[in-house]
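A short worksheet on the structure shown next.
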Amino acid sequence: MDIHIADNRAALGLAASSAIAAAMRGRIAATGRVTVAFAAAPSQNETLAGLIAESGIAWDRVTAYHMDEYAGATPDSPYSFRRYLREHVFDHVQPAAFHQICGEAKNPRAECARYVALLPEDGLDIALLGIGENGHLAFNDPPCDFEDLEDVRIVDLDEACRVQQVHDGAFATLDDVPKQAYTLTVPVLMDARQVFVMVPGPAKAVAVALALEGPVSERCPASILRTRARASLYLDNDSAAMLSA
């Protein structure tokens with residue numbers, strides 16, 4: 001795994017977005033298309049702003065996915081990840097398709113199956129990830145399953161994950177945070193041809209240190225990134241503050 005440490009969030013976003021744009025252009029040049037799964041969180045703001053400002057990306061050749069959504073969220077819920085991605089990306093650029101998890105679906109099992117059928121048979125080209133304060137990837141909270149046989153599942157969110165959503169400003173109180181969510185599973189995310197992980201800010205320093213210097217363990221989902229040669233991790237000085245010198 002490649003590790004890049006920027007001075008601040010803005011520099012992290014510029015470095016990551018430049019690398020992601022180059023990967024998207026390269027895949028489109030090689031195959032005529034690119035599939036990209038997007039994380040939706042404040043940690044991604046600077047990267048996504050840089051990405052939509054990049055020139056030369058043929059967005060009409062991009063098939064987009066998001067990797068998680070709250071159970072019960074509608075497309076216009078203030079905390080909906082679909083809404084976040086529209087506001088930060090797809091109100092500004094037009095992909096060939098943006099396949100969305102319907103949080104409001106009445107039958108969660110059927111919704112998981114529907115979304116699995118939309119995923120590319122040969123795997124995602126690019127996954128854009130963050131790391132949660134509890135080390136989660138998407139909504140795969142610890143302890144996760146590195147060999148999950150499901151591609152998409154509905155999960156119970158642990159309290160640390162739900163507290164983070166309050167920290168991020170998406171909800172006023174813990175009681176407001178949904179207790180379940182849909183997520184792409186760890187194998188689907190790690191099977192992407194290229195994985196970019198953007199993790200700014202002091203709130204993520206403990207999770208980053210555990211992921212990079214603790215054991216590779218399902219108790220820290222992000223630790224699996226160390227086993228992926230085509231993963232690139234973008235930190236800033238704050239998120240890297242607890243790493244060994």
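The values are calculated or read from the model by the stated rules, or taken from the named source; none is laboratory data. Here the structure is a predicted model, which means the values were calculated and not measured. No Cβ is skipped: glycine too gets one built from the backbone with ideal geometry, and neighbour counts run over all protein chains shown.
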message: Would you confirm whether or not the range 41-52 contains a residue that is of a type in the set (V, I, T) and assigned to a helix (DSSP H, G or I)?
response: yes
query: Do we have any residue at all in the range 176-185 that's among the acidic types (D, E) and within 25 Å of P78 (Cα to Cα)?
result: yes
field: Matching entry among S43, S17 (being among the hydroxyl-bearing types (S, T, Y), out of contact with any Phe, Trp or Tyr (no Cβ under 8 Å at 6 or more places or on another chain) and touching a residue at least 60 places away in the same chain (Cβ under 8 Å))
entry: S43
task: Please find, within the range 206-216, the residue that is nearest to Q164 (Cα to Cα) out of those that are in contact (Cβ under 8 Å) with a residue 12 or more places away in the chain and surrounded by fewer than 16 Cβ atoms within 10 Å (Cβ to Cβ).
output: V206
Among the candidates L243, L235, residue that is in contact (Cβ under 8 Å) with a residue 12 or more places away in the chain, crowded, with 20+ Cβ neighbours inside 10 Å and not hydroxyl-bearing (S, T, Y): L235
statement: Restricted to the range 131-156 and to residues being assigned to a loop (DSSP other than H, G, I, E, B), surrounded by 22 or more Cβ atoms within 10 Å (Cβ to Cβ) and of a type outside the set (D, E, K, R), the residue nearest to the chain's Cα centre (by Cα) is A138
- request: With respect to A203, determine if the residue is crowded, with 17+ Cβ neighbours inside 10 Å and touching a residue at least 60 places away in the same chain (Cβ under 8 Å).
  value: no
- request: Under 6 Å between Cβ atoms, at least 6 apart or on separate chains: pull out the pairs that start in the range 47-74 with a residue that is in contact (Cβ under 8 Å) with a residue 60 or more places away in the chain and closer than 22 Å to S18 by Cβ and end on any residue that is among the hydroxyl-bearing types (S, T, Y) and surrounded by 21 or more Cβ atoms within 10 Å (Cβ to Cβ).
  value: T47/S17
- prompt: Quick one: how many residues across the range 103-122 are outside any helix (DSSP H, G or I) and in contact with a strand residue (DSSP E or B) (Cβ under 8 Å, 6 or more places away or on another chain)?
  reply: 3
query: Can you pull out the residues in the range 26-40 that are farther than 17 Å from S232 by Cα and outside any strand (DSSP E or B)?
result: I28, A29, A30, T31, G32, R33, A40
task: Would you please name the residue that is nearest to A21 (Cα to Cα), looking only at residues in the range 193-226 that are in contact with a Ser or Thr (Cβ under 8 Å, 6 or more places away or on another chain) and in a loop (DSSP other than H, G, I, E, B)?
output: P200
field: Extreme residue, modelled with the lowest pLDDT, among residues of the range 135-159 that are among the acidic types (D, E) and touching a helix residue (DSSP H, G or I) at 6+ places or on another chain (Cβ under 9 Å)
entry: E159
